Structures are given as C-alpha cells and as structure tokens.
1. Scan (1) modelled with pLDDT of 95 or more; (2) surrounded by 12 or more Cβ atoms within 10 Å (Cβ to Cβ); (3) more than 11 Å from the chain's Cα centre (by Cα) for the single condition VAL84 breaks and write down its number.
2. Which pairs have Cβ atoms under 9 Å, sit 6 or more apart or on different chains, and link a residue in segment 67-89 that is assigned to a strand (DSSP E or B) to one that is open to solvent by 60 Å² or more (accessible area, probe 1.4 Å) and at pLDDT 50 or above?
3. With the requirement that a residue be within 19 Å of ASP3 (Cβ to Cβ), hydrophobic (A, V, I, L, M, F, W, C) and part of a helix (DSSP H, G or I), what does segment 16-58 give you?
4. Could you give me the residue pairs with C-beta distances under 8 Å whose first residue belongs to segment 1-25 and is within 14 Å of THR65 (Cβ to Cβ) and in contact (Cβ under 8 Å) with a residue 12 or more places away in the chain, whose second residue is open to solvent by 60 Å² or more (accessible area, probe 1.4 Å) and among the hydrophobic types (A, V, I, L, M, F, W, C) wherever it lies, and which are 6+ apart or on separate chains?
5. Looking only at residues in segment 37-55 that are closer than 17 Å to HIS78 by Cβ and not polar (S, T, N, Q), which one is surrounded by the fewest Cβ atoms within 10 Å (Cβ to Cβ)?
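The values are calculated or read from the model by the stated rules, or taken from the named source; none is laboratory data. Keep in mind it's a predicted model, so treat the numbers as computed, not measured. So basically every Cβ, Gly included, is an ideal-geometry build from the backbone, and we count neighbours across all protein chains shown. These accessible areas exclude ligands, DNA and RNA; they are computed on the full protein's heavy atoms, side chains included. Shrake-Rupley method; radii C 1.70, N 1.55, O 1.52, S 1.80 Å.
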Amino acid sequence: MSDLEIEIRDIVADVLDIEEPEELDASSEFFSIGGNSLTAMMAVEAIQNQYSIDFDFSGMMQHTTIGDMSKLVAEKLHEQQGNVAVGTCRKEE
C-alpha cells in the first residue's frame, strides 16, 4: 500500500472503530467492512479535514474502496496544488 492508502485506511479504520487497521487493504470496500451512510459522512469530513480538499459524499459513494478513495484524494490534491508532488506526481518545469 502507498503512504496515502495507509493514511486513508487509518481514517476509515478510525471512523469504523476497527481495532486492527492492518487487516484492511486497498481493495477493502467501505460498506462491506461496516460502513453506512452516517459513517460515510464522517469519513468524508475526516478526509476533508486531513487534506483540506473538496472531497464530497458523492465522491465517497463512487469511490468506495480504500484504493479508489486514495486515488481520488491524490487527484484532488494534484489539482489543488497545481502539479506539486503528490505520490508519483512531479512538478512540471
């Protein structure tokens, strides 16, 4: 898992009160591991607060695995920071 996936995994585990987040991986699907619409809203808020991005409920509903959430967060960070390094993205010169 990438660093970003681990951070998102930890946020999801915290929201869902999962004691051993290491058991989750990039393919872990939010609603299959105990998530519901209320905890999805809590995860959205936690992700928004952690990364200061516009990560909304519809994004969460369309990107329900930890890996897909991480990709969406990376895309939004990349857009927000104007091609500044995010994961494997590099600043264009």
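1. (1)
2. VAL86/GLU75; CYS89/GLN81
3. Scanning segment 16-58 gives ALA43, ALA46, ILE47.
4. Correct list of pairs: ARG9/MET1; ASP25/MET1.
5. Filtering segment 37-55 down to residues closer than 17 Å to HIS78 by Cβ leaves 47-48, 50-55.
Now narrow it down to the ones that are not polar (S, T, N, Q): 47, 51, 53-55.
Details: ILE47: 25, TYR51: 19, ILE53: 19, ASP54: 10, PHE55: 23.
If we take residues in segment 37-55 being closer than 17 Å to HIS78 by Cβ and not polar (S, T, N, Q), then ASP54 is surrounded by the fewest Cβ atoms within 10 Å (Cβ to Cβ).
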